[in-house]
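Here the structure comes first, spelled out in structure tokens, and everything after it is commentary.
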Amino acid sequence: MLKDKLNWRRPLFYLLLPVLVVMAFLGFPIPVAPPLATKSRQEESAPARDDEKR
């Protein structure tokens, strides 16, 4: 009933089949969101105090 010698190619194909189908519709590489924008150095600095502005 069960094969004594199991071939590794058939299980590998069925594991990778959903990935290949998704990549066929979305393209390669799979699109991902761009990284978040970093703040400029001016925004990261501490706000100026009133006595320093004058």
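Points to keep in mind about this one:
- The string of couplings for the range 13-24 from the Karplus curve (6.51, -1.76, 1.60, θ = phi - 60°) is 5, 6, 6, 8, 4, x, 5, 5, 5, 5, 5, 5 Hz, one whole number per residue in order, with x for Gly and Pro.
- Modelled this way, with points 7 Å down the Cα-to-C-beta line, the labels at L20 and R49 are 6.8 nm from one another.
- Per-residue ³J(HN,Hα) for the range 5-11, Karplus 6.51 cos²θ - 1.76 cosθ + 1.60, θ = phi - 60°, Hz, x for Gly and Pro: 10, 8, 7, 7, 6, 5, x
We did not get these values from a lab; they are worked out from the coordinates using the rules stated. Note that this is a predicted model, so its numbers are computed, not measured. Every residue, glycine as well, gets a Cβ built from its backbone with ideal geometry; the counts of neighbours run over all protein chains shown.
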